[in-house]
Structure formats: structure tokens, C-alpha cells
Amino acid sequence: MPNLLIVAHAPSDNTRMLRDAVERGASHPDINSVTLRIRAPTDAGPDDLFWAQGVILGTTENFGSMAGLMKDFFERIYTPCLERTQGLPYALYIRAGNDGTGTRTAVERIVTGLRWRAVQPPLLLAGEYHPGFETCCEELGQAMAAGLEAGVF
């Protein structure tokens, strides 16, 4: 049974709704054999990544980059995970007030160093918040869980 880790920085009602939408998608009734673990960046560590066969990362855009707590997560897991999580499939969503490109670049630099494998382009949720963002996040969660369940990733 594959394990899916969701590490999401959700400091506001809107970002919590996005995280919940990812979880809803990943727990879709048609997906029967994927175990979920949802963690805030402050609570996630190397053992969570060793447990997982896939990870979804969610962050806000802060000052043109990823949230500081997400960066802290990467700093704590980088060395212990460097050799043990190569090839880990991941997906990324970014809640951006601007365009999210700085955040995307910052995260991609780190996951490239970890040698994780993107299973889809990052989901950039930019500008004014709107409920359609939740639909996109739900689809991301469902696609990731379905891919793990089917052995595609």
C-alpha cells in the first residue's frame, strides 16, 4: 500500500482550504489503497519522507520566495534525505499573491538537489483568491494518489 505525505504551509483560512482540498482529492472514494499523512512543515521530518512513496508540497509565496517554515523543513530534511529519497515523486502547489515564479524556482532548486522527480508542473495559484483554486488542488491530490495507487510513479 503506497504512502502519500502532504507537507503544507497553511497559515490562513484560504491556505487551509487548499490543503484540505488536496487531502479531499487524495482520499477520493475511487482511491482505496493509499495511506495519507498530512503535516505542517514544522512537524514534518526525515522519517515522514522515509515512510512516503510520494509527497505533495504546498507553500505560500512570501517575499518572492517560499514560506520560511517550508525552507526550515527543507533545511532539516536535506542531509538525512539526500541519499535515501532520490527519485521520490513529488507535486507542488503555490499560493501566490504575485506570480509565484520566485517560489517555484526556490523549491525546484532544493528538490533538484534532492533528486526528487516532479510528476506534474507546479500548480501556481496566483492573484486574488477564488474557489477554483480548491478544485485545482483537489485534482492535484487525486492525480498524485491515483498515480501512486496505479504504480505510475
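The values are calculated or read from the model by the stated rules, or taken from the named source; none is laboratory data. Computed from a predicted model, the values in this text were never measured in an experiment. As a convention, Cβ positions derive from the backbone with ideal geometry for all residues, glycine included, and neighbour counts pool all protein chains shown.
Observations on the structure shown:
- Segment 72-101: number of residues that are assigned to a loop (DSSP other than H, G, I, E, B) and not β-branched (Val, Ile, Thr): 10
- For Leu4, the requirement of being within 21 Å of Cys137 (Cβ to Cβ), surrounded by fewer than 21 Cβ atoms within 10 Å (Cβ to Cβ) and under 14 Å from the mean Cα position of the chain (by Cα) is not met.
- Listed conditions (1) hydrophobic (A, V, I, L, M, F, W, C); (2) closer than 20 Å to Gly151 by Cβ; (3) modelled with pLDDT under 95 are all met by Phe63, apart from (2).
- Across segment 102-153, the qualifying residues are those that are outside any helix (DSSP H, G or I) and β-branched (Val, Ile, Thr), and the one among them that is farthest from Thr85 (Cα to Cα) is Val152.
- In the condition set (1) under 12 Å from the mean Cα position of the chain (by Cα); (2) assigned to a loop (DSSP other than H, G, I, E, B); (3) of a type outside the set (Asp, Glu), Val55 is compliant with all but (2).
- Each residue in segment 71-120 was checked for being farther than 30 Å from Asp13 by Cα and either buried (at least 17 other Cβ atoms within 10 Å of the Cβ) or in contact with a Cys (Cβ under 6 Å, 6 or more places away or on another chain) (or both), and 3 pass.
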